[in-house]
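Before any comments, here is the structure.
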Amino acid sequence: MLLRSVRQAGRVWCRSLNVPLQLSTSRATVETDTYGIPLTPTWSVQELLSSYPAPSISPATFKRLHELSALLPPEEGTPEYVKLKHELEELIKLVEATKLIKLEETGNIGIPDGRVISEGSGIPLDRAPREDGDMRGRDLLSYASRSTNGMYVVETDRSR
């Protein structure tokens with residue numbers, strides 16, 4: 001049942017990428033832990049991205065990106081330049097790969113609720129302080145070495 005669910009999810013995901021799903025029909029077993037989670041990766045993002053065409057950044061674009069970032073670009077032709085340019089091209093490839101994902105129309109479902117506390121149950125802001133001797137608010141001023149008119153006084157060496 002789990003294998004069938006994984007295959008169906010894979011078909012939907014790969015269909016949305018317009019990439020043919022490559023499922024092995026052999027019964028090769030993957031070593032798993034007691035919960036059925038594979039001990040070694042069964043696929044990799046790098047492997048997936050390697051199937052996409054590699055973009056290239058022109059030296060002018062590379063320089064412009066650094067100007068927009070208020071950074072100094074490395075000298076052209078240096079190992080640092082080559083490494084950084086390659087990393088930027090890999091990031092562009094990842095962004096372009098995400099653009100290829102076609103999401104099925106689900107209608108207007110609105111903005112998902114990202115709150116941790118469920119709707120209708122909030123934090124009670126009007127509750128009284130605890131009775132266990134917990135001090136709150138202005139009562140904490142009694143611990144300050146100096147206070148004036150209900151405010152903390154902090155000495156600084158700086159003149160204003």
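Quick notes
- Matching residues in region 92-107 - criterion: being of a type in the set (G, A, S) and either touching a strand residue (DSSP E or B) at 6+ places or on another chain (Cβ under 9 Å) or at pLDDT 70 or above (or both): A97
- L65 falls short on exactly one of the conditions (1) modelled with pLDDT under 80; (2) in contact with a helix residue (DSSP H, G or I) (Cβ under 8 Å, 6 or more places away or on another chain); (3) assigned to a helix (DSSP H, G or I); (4) not aromatic (F, W, Y), and that condition is (1).
- For beta carbons closer than 7 Å, sequence separation of 6+ or different chains, a first residue in region 35-52 that is at pLDDT 85 or above and a second that is not in a loop (DSSP other than H, G, I, E, B), the qualifying pairs are P38/T32; L39/T32.
- Unique residue being in contact with a Leu (Cβ under 9 Å, 6 or more places away or on another chain), at pLDDT 70 or above and exposed (fewer than 10 other Cβ atoms within 10 Å of the Cβ) when the list is G110, G150, G114: G150
The values are calculated or read from the model by the stated rules, or taken from the named source; none is laboratory data. This is a predicted model, so every value here is computed, not measured. Because the Cβ atoms are built from the backbone with ideal geometry, glycine has one as well, and the counts that use them run over all protein chains shown.
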